Structures are given as C-alpha cells and as structure tokens.
Amino acid sequence: MTMPCPFRRLTSALAVCAALFPVALFPGALAAEEVTLFAAASLKSALDELSDDYPGATLHIAYGGSSSLTRQILQGAPAQLFISANQAWMDRLERDRVLAQDSRIDLLSNRLALIAAPGSTVQLPPARGFDLAAAIGDGVLAMALVKAVPAGIYGREALQALGVWDSVQGKIAQADNVRAALRLVATGEAPLGIVYASDLGASPDVRLLGLFPANSHRPIRYPMALIDPVTPEARSVYDFLSSEAAWAVFAKHGFIRPQVQP
C-alpha cells in the first residue's frame, strides 16, 4: 500500500538538542519541514527501514529507554510524536496533559525472549522453576533496567512469576535500554539475556532459547501519541506509522498486533 504524502523525502537525523538529550540518533541532514519522533530503543530496526523507504518530511528520530525519553519530553524536549514500550510512561505524559487529545493508540505488541551468546550450547526454554541461575553460572544475565525500562520491568515480572527471580537477581547486569542488553549477549560479555523477540533480527548470531509465557508478565504494548501542539506534518507521520504499509515493516521485524498478543 502506498500512502500519498505532501512531505519531501524523509531523511534520518537528530541534530537538534542532541547535547541536552543524549539518545541514539539517525545520521542525516536537516530540512525545512521537520517532525521529531521519540521512540523506544527496541523499535530502531523497524523505524530505520521505514525512514529509509518513506518519502516525506525530514524526520528526526531519537531512540532510548522509554523512561528516559519520557523525562526528556517532560523537561521540554521538542518531541512531536512518542512511541513508548509500555503504558506506564505514556500514562505519565497523559496525566501531565502533554499528549494531543484522542491521539493515543496501541500501535504494536511484542514477546519477551531468553537469549544466549553466540556459540552457547545452553538449552533452557523459560518455564516455571527452570534452573536459570545454574545456566548463568559465574556470568551475568543481561537485562534492561529492571525498575525503569519496560523490557527490564517485564523481564523481572516474568522471572518472579516463574519463581526464579530470587535466585538470579544478584547475577543481573542492567543496561540502559534493551538494545544495550542485547549487545552484552551478542559480544559474549553476558552468557544469557532477556530481550524482546523483535530484537533478535538486530543480532542474528545470538541464540533464542525460548519465549517467556505470555501470562508471566503484563501484556507488552507500544502506545503511540502525538505531543501538543500538533502540526499537519506530525499528523501525517502519525497516520503513516499507523497504516498497513508501516505495519508490514513492523511485522517483518518481529512485532505483532496488540489484539493477537496471547
């Protein structure tokens, strides 16, 4: 499906306020028509592809942990769109009346995955009472921040539900976001890690040990909303990202629709 759009070709950059808001950035150049999108780090691969393929305005995309991005928005960062990796941080913006009225939607869903470093021979699908501590051994379990970043929060919930949190909490290496946790496993610094299923494509050498039971943690939702004041350009990008054309790209990168979350 091809979406008509009045924008010039979309390029990927964030040169504005980078010193004040240190997040992962797209390279590129600025243009007159601009839209700034803040997005959870786990969306990077999919949004990179969308930014390359979609003709439109210059889009500045800042990636980071949803908690960090939310705080930056509350401090005045120039975000016009936000895609969070969980509901709680979007709830915070809604309570503070930062979001444009009636613009909040559940855009995507995901699954939580246990992964092993390249070359690992561990066979350990997540299940109640599974001996995760023994599999970690003298190493560490890579996770996003377990009290602040959605992937870490979901991971902690899952480990608690499966009855293994107490045995592994002293072995956890916490990272600022889920992609940083993925890198720890991909480089062999951590033998095991917990990431989203959609992250696997970003590091194909890591081994998938299994998906966590969907009922072991709260449903993973990616809400998207416009930030007041809304420009026509921001509205058009919002419409594109919620279109079937964009959904095909998200699906290719391992995301699922919220209504089919098991």
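What the table shows:
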{"quantity": "Top-ranked residue of segment 201-213 - restricted to ones that are modelled with pLDDT under 95 and more than 22 Å from Phe82 (Cβ to Cβ), ranked as farthest from the chain's Cα centre (by Cα)", "calculated": "Asp205"}
{"quantity": "Positions within segment 79-107 being farther than 26 Å from Gln259 by Cβ and crowded, with 17+ Cβ neighbours inside 10 Å, in sequence order", "calculated": "Ala79, Gln80, Val98"}
{"quantity": "Selection count where residues are in contact (Cβ under 8 Å) with a residue 24 or more places away in the chain and closer than 21 Å to Ala175 by Cβ, scope segment 48-86", "calculated": "15"}
{"quantity": "Residue match in segment 202-214 (condition: assigned by TED's automatic domain parsing to the domain that holds Ala133, small (Gly, Ala, Ser), touching a residue at least 40 places away in the same chain (Cβ under 8 Å) and under 28 Å from Asp53 (Cα atoms))", "calculated": "yes"}
{"quantity": "Lone unmet requirement of (1) out of contact with any Leu (no Cβ under 9 Å at 6 or more places or on another chain); (2) assigned to a helix (DSSP H, G or I) for Val249", "calculated": "(1)"}
{"quantity": "Matching residues, segment 215-240, being buried (at least 16 other Cβ atoms within 10 Å of the Cβ), over 19 Å from Val98 (Cα atoms) and under 15 Å from the mean Cα position of the chain (by Cα)", "calculated": "Ile220, Arg221"}
{"quantity": "Condition broken by Lys171, with the remaining ones in (1) closer than 26 Å to Thr70 by Cα; (2) touching a helix residue (DSSP H, G or I) at 6+ places or on another chain (Cβ under 8 Å) satisfied", "calculated": "(1)"}
{"quantity": "Residue satisfying all of: in segment 161-206; among the polar types (S, T, N, Q) and surrounded by fewer than 19 Cβ atoms within 10 Å (Cβ to Cβ); nearest to Ile256 (Cα to Cα) among these", "calculated": "Ser203"}
{"quantity": "Index of the failed condition, Ala62 passing every other in (1) touching a Phe, Trp or Tyr at 6+ places or on another chain (Cβ under 6 Å); (2) not in a strand (DSSP E or B)", "calculated": "(2)"}
{"quantity": "Residue pairs meeting the criteria (Cβ under 8 Å; at least 6 apart or on separate chains; first closer than 13 Å to Ala225 by Cα, in segment 96-111; second among the basic types (Lys, Arg))", "calculated": "Asp106/Arg221; Leu108/Arg221; Leu108/Arg257"}
{"quantity": "Top-ranked residue in segment 80-102 [being modelled with pLDDT under 95 and assigned to a loop (DSSP other than H, G, I, E, B); ranked as nearest to Ala39 (Cα to Cα)]", "calculated": "Ala85"}
{"quantity": "Residue match in segment 112-134 (condition: under 21 Å from Ala248 (Cα atoms), touching a residue at least 12 places away in the same chain (Cβ under 8 Å) and either among the hydrophobic types (A, V, I, L, M, F, W, C) or assigned by TED's automatic domain parsing to the domain that holds Ala190 (or both))", "calculated": "yes"}
{"quantity": "Some residue of segment 111-131 being modelled with pLDDT of 95 or more and under 20 Å from Ala88 (Cβ atoms)", "calculated": "yes"}
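This table checks each residue for (1) more than 14 Å from Tyr238 (Cα to Cα); (2) of a type in the set (S, T, N, Q).
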{"residue": "Ala57", "(1), (2)": "no, no"}
{"residue": "Ser66", "(1), (2)": "yes, yes"}
{"residue": "Ala88", "(1), (2)": "yes, no"}
{"residue": "Arg92", "(1), (2)": "yes, no"}
{"residue": "Ser103", "(1), (2)": "no, yes"}
{"residue": "Arg111", "(1), (2)": "yes, no"}
{"residue": "Ala117", "(1), (2)": "yes, no"}
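The values are calculated or read from the model by the stated rules, or taken from the named source; none is laboratory data. Nothing here was measured: the structure is a model prediction, and the numbers come from that model. Glycine also receives a Cβ, built like all others from the backbone with ideal geometry; neighbour counts cover every protein chain displayed.
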